[in-house]
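Q: Would you mind keeping the following structure in view while I ask a few things?
The values are calculated or read from the model by the stated rules, or taken from the named source; none is laboratory data. All values reported here derive from a predicted model rather than from experimental measurement. For neighbour counting, all protein chains shown are included, and Cβ atoms are generated from backbone atoms with ideal geometry for every residue, glycine included. Remember, those area values only see protein heavy atoms, side chains included, never the ligands or the DNA or RNA. Shrake-Rupley method; radii C 1.70, N 1.55, O 1.52, S 1.80 Å.
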Amino acid sequence: MTTDEKTRFAGVSSGFDLPELEHGVLDLWEREKSFDALRKKNAGGPRYSFTDGPITANIEAMGVHHAWGRTYKDLYQRYKSMQGFDQRWQNGFDCQGLWVEVQVERELNLNNKRDIEAYGIARFSAACRARVDRSASAITKQSIRLGQWMDWENSYFTYSDNNISHIWHVLKLCHEKGWLYKGHRAMPWCARCGTALSEHEMTGSYKEMTHTSLYVRFPIEGRVAESFLAWTTTPWTLPANVALAVHPDLDYARVRVRADGASAPEILILSAAVFKQTKWHDAELLETFKGKTLLGLRYSGPFDELPIGAQTKPGHRVIAWDQVGEAEGTGIVHIAPGCGAEDFALSKTEKLPVVVPIDDSAHFNKGFGWLEGKEARDVAHEIAADLKARGRLFRELPYTHSYPICWRCKEEIVFRVADEWFISMDDLRPKLKSAAAKVRWLPEFIGRRMDNWLDSMGDWNISRKRYWGLPLPFYTCANDHFFVIGSEEELRERAVRGLEGLQELHRPWIDDVVVACPQCKAESTRVKEVGDAWLDAGIVPFSTLGHITDRAHWEKWFPAEFETENLEQVRLWYYSQLFMSVVLTGEAPYRTVLSNEFVYDENGEEFHKTGDNFIDFQAKAPRALEHVLVLRDLREPRRVRSE
Ligand SMILES: [Zn+2]
Ligand SMILES: [Zn+2]
């Protein structure tokens, strides 16, 4: 240290300039190569293995909330280095998936998948890679300014062929164990992104919204002027109705009412408890009975006159469902298996037809008559008007509720039946639970949260119908043999053509590689889907340590002594790593996990890179330092997000 620096650092009490002090320290480290000296001193010492959770390389500027998490990482690694531990100091970047794609679409002014395909997938992938590289270099610069010590030259990127190849290896194992399957399922679906979303992408992504809700008459076959009354908040699903569900043990009422403006009274059936709360004039209760007496009654559907009616009509009966309640609606639930997960499950047990009304951009399919080609979320009023003209609409009311939105583009979600790839969790669940139980979770409730998540999670939907992501290595030959390629090496061995254009393991180049079927040698092509981005981050404890390329190195550093991330990573990164690790080793990839809370602003809102409350951590005179930043201490969180 020079005398000048000593004076400067010592003079902190008399009106010192904090940023200048920091620059002084950074200059000193740079000049004396302090970080290199530390690494040299500790090389060969006892190991302290830290795995860095990859930061999404999708931002130009870090916020204070990013800086906070990075500070924990720095603190622990420095402390351990002062104790003489040898460390890897590897930083990571998360580089693929919807989050990058959505930003690049905005940059390029592309509005949907058709626009991307017209622009060209090769150019689009190149733009995604360029954005990631730009962001990674900005984050690196800002992290150095923050004072974080890492081996910045050696950062890992989840878009690397090495990372992809390691995931392929796990997917092949899953296939060999019989856990991989293609499922026809009702999934939450983003129409703008044109893809299904997984269960863990849905938690937390809800918004208060007002929709048009409809009370609709479903005339009972063989009775005069007598209808079931059902209620829906998603009018676009009515043309796909195939059944009505009642609770067999609840009380239902048969009532005579005269609707507003009607010339003659009519008879309606609805829940007795709901009827009691209505303020209908001149309504007369005729009788009450249990829901089970209604089972099997047939009705005429709301859109039987459309061509699709030929497919929905064979349903159109009353079924039993013990999830029907009286808290909302009429106690009679409209069932459309092509539009909802629970409805779809009922179609299996009740043998109901499954009619899928909308395509992957949420526009009505062929067979839906005047609705064909219209956007599902735009037709509520037209559907109401049409039902009204045909005497089917009893009432139309605005309804405000908490409704799911796409976590990336914030569009309202629809539900849709589609073919997706899944990993079955039934065999894995107990293994994951016992591996998680051996981890030291800090604070302890994080461990309970993981245990709850493992209990409640369904099969993992790993496919996305998108572009910039892990290409799923699933192939089918002309003779319908299905197989999974387990590494880049295996791809090169099996390839019969297309390798010359393969500059990286991404779309569109990977799609041109034709491989030979291991069973019959017939030519085989890849499925079009890419993988869930959490596969990319989950493989990091293996890919960064060369699990399939340098086993000795991997053995030296696995598992990590320590990881630290935000607590929402329980169902995301901690989970996806645990999954990979249990498949490959049977053990957890980390021994101790420390989770930090969100950073909240003065209104109790989380800081978020897309929110209005974003504070650039490099800003001069940051709001944060004055009076805004609220760091809640780590107690059981007030707002429970995922349970
Ligand atoms: Zn979306
Ligand atoms: Zn074959």
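Q: Within region 509-543, restricting attention to residues that are open to solvent by 30 Å² or more (accessible area, probe 1.4 Å) and not charged (D, E, K, R), which residue is farthest from ligand 2 (Cβ to nearest atom)?
A: Checking each candidate, the answer is Trp509.
Q: Okay, next question. Would region 413-426 turn up any residue that is under 19 Å from the mean Cα position of the chain (by Cα), within 16 Å of ligand 1 (Cβ to nearest atom) and not in a strand (DSSP E or B)?
A: So far as region 413-426 goes, yes, one or more of its residues are under 19 Å from the mean Cα position of the chain (by Cα), within 16 Å of ligand 1 (Cβ to nearest atom) and not in a strand (DSSP E or B).
Q: Another question about this same structure. Search region 337-366 for residues that are within 13 Å of Trp236 (Cβ to Cβ) and pair each with any residue that is polar (S, T, N, Q) and in a helix (DSSP H, G or I) when their beta-carbon atoms are under 9 Å apart and the residues are at least 6 apart or on different chains.
A: Qualifying pairs under 9 Å: Gly338/Thr237; Gly338/Ser347; Cys339/Thr237; Gly340/Thr237; Val355/Gln311; Val355/Thr312; Pro357/Thr237.
Q: From the list Trp168, Trp189, exactly one residue is farther than 28 Å from Ala67 by Cα, part of a helix (DSSP H, G or I) and within 21 Å of the chain's Cα centre (by Cα). Which is it?
A: Trp168 is the lone residue from the list that is farther than 28 Å from Ala67 by Cα, part of a helix (DSSP H, G or I) and within 21 Å of the chain's Cα centre (by Cα).
Q: Still on this structure, please answer the following. If Gly367 meets every condition in (1) out of contact with any Leu (no Cβ under 8 Å at 6 or more places or on another chain); (2) open to solvent by less than 50 Å² (accessible area, probe 1.4 Å); (3) more than 21 Å from Asp459 (Cβ to Cβ) apart from one, which number is that one?
A: Gly367 satisfies every listed condition except (1).
Here's the yes/no breakdown for (1) open to solvent by 60 Å² or more (accessible area, probe 1.4 Å); (2) within 16 Å of ligand 2 (Cβ to nearest atom); (3) at pLDDT 95 or above; (4) aliphatic (A, V, I, L, M):
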site: Val102; (1), (2), (3), (4): no, no, no, yes
site: Asn109; (1), (2), (3), (4): yes, no, yes, no
site: Arg114; (1), (2), (3), (4): yes, no, no, no
site: Ser125; (1), (2), (3), (4): no, no, yes, no
site: Cys128; (1), (2), (3), (4): no, no, yes, no
site: Ser135; (1), (2), (3), (4): no, no, yes, no
site: Gln142; (1), (2), (3), (4): no, no, no, no
site: Met150; (1), (2), (3), (4): no, no, yes, yes
site: Glu153; (1), (2), (3), (4): yes, no, yes, no
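Q: Take region 435-473 and flag every residue that is within 16 Å of ligand 1 (Cβ to nearest atom) and either outside any loop (DSSP other than H, G, I, E, B) or crowded, with 20+ Cβ neighbours inside 10 Å (or both).
A: Asn461, Ser463, Arg464, Arg466, Tyr467, Trp468, Gly469
Q: Could you tell me which of the residues Thr564, Thr549, Thr476 is over 24 Å from the mean Cα position of the chain (by Cα) and assigned to a strand (DSSP E or B)?
A: One residue alone meets the criteria, Thr476.
Q: Among residues belonging to region 189-220 that are hydroxyl-bearing (Ser, Thr, Tyr) and either within 13 Å of ligand 1 (Cβ to nearest atom) or out of contact with any Ser or Thr (no Cβ under 6 Å at 6 or more places or on another chain) (or both), point out the one that is most open to solvent (accessible area, probe 1.4 Å).
A: Of everything passing the filter in region 189-220, Tyr215 is most open to solvent (accessible area, probe 1.4 Å).
Q: Check off (1) small (Gly, Ala, Ser); (2) in contact (Cβ under 8 Å) with a residue 24 or more places away in the chain; (3) over 18 Å from Arg429 (Cβ atoms); (4) surrounded by fewer than 17 Cβ atoms within 10 Å (Cβ to Cβ) for Gly586 and give me the number that stays unchecked.
A: (3)
Q: Of the conditions (1) over 25 Å from Leu428 (Cα atoms); (2) of a type in the set (Gly, Ala, Ser); (3) modelled with pLDDT under 95; (4) surrounded by fewer than 21 Cβ atoms within 10 Å (Cβ to Cβ), Gly183 clears all except one; give me its number.
A: For Gly183, the exception is condition (1).
Q: Let me spell it out: the conditions are (1) more than 16 Å from ligand 2 (Cβ to nearest atom); (2) assigned to a loop (DSSP other than H, G, I, E, B); (3) without any contact (Cβ under 8 Å) to a residue 60 or more places away in the chain; (4) closer than 29 Å to Ala418 by Cα, and Gln503 meets all of them except one. Which number is the exception?
A: All conditions are met except number (4).
Q: Continuing with this model, one more query. Going by the conditions given, is Leu499 out of contact with any Asp or Glu (no Cβ under 8 Å at 6 or more places or on another chain) and either β-branched (Val, Ile, Thr) or open to solvent by 40 Å² or more (accessible area, probe 1.4 Å) (or both)? Working first, answer last.
A: Values: out of contact with any Asp or Glu (no Cβ under 8 Å at 6 or more places or on another chain): yes; either β-branched (Val, Ile, Thr) or open to solvent by 40 Å² or more (accessible area, probe 1.4 Å) (or both): yes.
Considered against the rule, which asks whether it is out of contact with any Asp or Glu (no Cβ under 8 Å at 6 or more places or on another chain) and either β-branched (Val, Ile, Thr) or open to solvent by 40 Å² or more (accessible area, probe 1.4 Å) (or both), Leu499 comes out as yes.
Q: Name the single residue that is nearest to Ala376 (Cα to Cα) among those in region 227-271 being out of contact with any Phe, Trp or Tyr (no Cβ under 8 Å at 6 or more places or on another chain) and basic (Lys, Arg).
A: Among residues in region 227-271 that are out of contact with any Phe, Trp or Tyr (no Cβ under 8 Å at 6 or more places or on another chain) and basic (Lys, Arg), the one nearest to Ala376 (Cα to Cα) is Arg258.
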